[in-house]
Amino acid sequence: MGWGLPNHPIKKNIMRPLAWNKMAATIAAKPQATADRGSALHKTEMFDYLTPMPSHLLNTLLQDLDGQAEIEDENNRNRSTMKMKSPPRTLPQGHHLVYFPLQAPASKLAADGADATHLSIAVANSSSEEEDGKGSGKQQGPRRRLWAGGEISFSRGWQSRLKLDCRPWYCREEVSGKKSRGGIVHVWRRYRLGHEGCGRPGGEEKEEEEERWDIVEKRVLAFRSEGEGKPIFERGMYCLSFPFFLLLLITSTQLNSTQLISSHLITAKPASSLRHRLVAPTKAHLFQFSALSYNAHLIHYDVEYARAVDRHPSLLVHGPLALAIMIRHLVAQEKTPLRRIVYRNLAPLYVDNPIFFCLGASPPAPAPAPSSSSSSSSSSSSFCSSEEDGRLPRWRRHVWLEGPDGYVAVKADAEFDTDALSD
């Protein structure tokens, strides 16, 4: 996916607008579900049940943030419920984010309250440039973690299997690292129905026979060490291209934010068909999502830590919460299930600041859906060619979240279920 950092030093010519067409080429290719399997450093099997309560609580939280947007879906018509329905309701897309939480006691968390395993893998994969020059190995100081982006794919027929009727389901997590200045961590999560046959001895011998996974998700985390730069984001800050954004977070020890504002950093955005103002998330909203997802990362509820240690002006909106907001409004607007979404987090969203949901303009005429036998290369070619005039085929859309000053905080390319579009 190209989440890694460039090998060359910082140069002026890498300060360029966001390249939406590069994301288009990325989403056009099939997800590399097994790409990191050989280098996985940590594997975990988790078991859960599709109880209605977590989904109901998340829906209650998201409804409170809808603002001027009117969401018409099954959950809103029924105002959501913790009761089991007959027939059972389908798990809303994006709600898997509040299942399979981290199962670690507080004493085993990292200093920032998040997953210590991810931190240890980042330290192991930080480049030699970060060594102290005395041969003592990697620096062990505090590191800031950032949810840099990721992708989610839904298999055909997932709606018929993931029902909120307490049926068992299973998640396999594989974590691997990528060499970089501060450490890049890839987290693959695969979800499917049932507990039978999971976690049995010798199960890894059958990994080549890929099971049917209902959801395949990749998360990309980026880390930086203590003292690596001054505060980068301030209110009104323009967005950076993604590679330069990561480089800046990890390597800018002498730059300050005021020097970075230039015409080169203004985000180039596609034409939007709508722009909805959502309710500004409050501390209560952030606390509710932290509790619901069992997320103890301090930057979401400890304002002193966020300011003094991570050097943010205030509390940050969770990466997965922003993603859940985006998916909720995207699916509601298109009235079509998602097949895949590739997203990048470009700038923080802060507490008490409004969020704007933006959807790229749809093409004037429907384009033919790709055949199931088409190769990823031909799909990529046709998709990129449609980008020349800023339009996308019918089954793909640009979507992004903006902060209060119009900066792009999260951008994504979404691919919809072509079977539903053909109905």
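Read-outs throughout are calculated quantities, based only on the coordinates presented, and are distinct from any laboratory measurement. These figures come from a predicted structure and were not determined experimentally. All Cβ positions, even for glycine, are placed from backbone atoms using ideal geometry, and neighbour counts span all protein chains on display.
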Students often check this: by mean Cβ neighbours within 10 Å, which of 343-352, 288-297 ranks highest, and how do the rest follow?
343-352, 288-297
Between ALA116 and GLU196, 0.36 nm times their residue separation minus their Cα-Cα distance comes to what?
25.9 nm
As a quick test, which of the pairs LYS179/LYS411; LYS43/LYS179; LYS163/LYS335; LYS43/LYS108; LYS179/LYS218; LYS43/LYS178 have an alpha carbon distance above 23 angstrom in this structure?
LYS179/LYS411
